[in-house]
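Enquirer: I have a structure I would like to understand better, so I am pasting it below and will then ask my questions one at a time.
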Amino acid sequence: MANEMSWKECVDEGVITQSVPDEERSNQMLMMANLRLKFWDKKVADEFIVLKVEAYYDIIKELLFAHLYKNGYNCTNHLCLIAYLKEKIKDFDFETQKIDELRKVRNEINYRGLTIKKDYLERNELEFKNIIKRLKEELG
C-alpha cells in the first residue's frame, strides 16, 4: 500500500465521496473523541505508553471523521484522511505531518507489535494535544 494519496486520487478512486452534511454523526464522533480524551488524560505507567499513543491517533482520527461528516464527506481509508486535511484545513501543514507520522507509528503498533518508549510520548504529547485542540476549534 502507498504511503500517500492526493486529494484528487482519493476523490477519483471513490475513497472520499461527497454526501449530505451529517451534524448528528459529526457530534457523535466528537463525543467519542472527548470520551477517549477524558479517559487517557492522565499519567500512565510506562507499560501502557503504547496504548496511550495509539489512543491519541484514535482521538485525532475521530475528530477528522467529525470534520468529514460535518462538511458532507465520507472516507474509507486513513491515507485519504491526510489528503482531506491537506485540502480542507489551512495553515495546518506541520500538524498534518505529525498526524501522518502518528498514523505510521500506530500502524507499526497494530500490525507489527512495535513498542513505544516513554520519550516518544514525552516529545510529542503536547503537539498531539494542540492538534486535538485545533481540530475541535475547526469544528466550531
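Read-outs: derived from the displayed coordinates by stated rules, not from any lab. Small disclaimer: the values here were computed from a predicted structure and weren't measured. Every residue, glycine among them, receives a Cβ derived from its backbone with ideal geometry; neighbour counts consider all protein chains shown.
Enquirer: Taking each full run of DSSP H in the chain as one helix, which ones are at least 24 Å long along their axis (Cα atoms) and have mean Kyte-Doolittle hydropathy of at least -0.5?
Expert: Correct list, ordered by number: 49-70.
Enquirer: Can you give the extra length, in nm with one decimal, that the chain gains between GLU9 and GLN28 once fully stretched, where that is 0.36 nm per residue apart less the Cα-Cα distance?
Expert: Full extension of this stretch gives 4.0 nm more.
Enquirer: Additional query: With unit charges on the beta carbon (Lys/Arg positive, Asp/Glu negative), name the residue among LEU37, LEU114, TYR73 whose Cα is farthest towards the positive pole of the charge dipole of the chain.
Expert: LEU37
Enquirer: Could you compute the FRET efficiency for LEU35 and PHE94, with r as their C-beta to C-beta distance and R0 at 30 Å, rounded to 0.05?
Expert: Between LEU35 and PHE94 the formula returns 0.65.
Enquirer: Starting from 0 in steps of 10 Å, tell me what percent of the Cα-Cα pairs of the stretch 79-137 lands in each bin.
Expert: Calculated over all Cα pairs of the stretch 79-137, the distribution is 20, 50, 27, 3 percent.
Enquirer: Turning to a different aspect of this structure: For the chain, what is the charge dipole size about the Cα centre, in debye to the nearest 20, if Lys and Arg each add +1 at the Cβ and Asp and Glu each add -1 at the Cβ?
Expert: That gives the chain a dipole magnitude of about 400 debye.
Enquirer: Going by average Cβ density within 10 Å per residue, which order do the peptides 77-83, 99-105 take, highest to lowest?
Expert: Result, highest mean Cβ count within 10 Å first: 77-83, 99-105.
Enquirer: Of the peptides 26-35, 107-116, how do they stack up when ordered by the mean number of other Cβ atoms within 10 Å, highest first?
Expert: Highest to lowest by the protection proxy: 26-35, 107-116.
Enquirer: Mind pulling the per residue volume of the convex hull built on the Cα atoms of the chain? Å³ is fine.
Expert: Looking at the chain, the number lands at 103 Å³ per residue.
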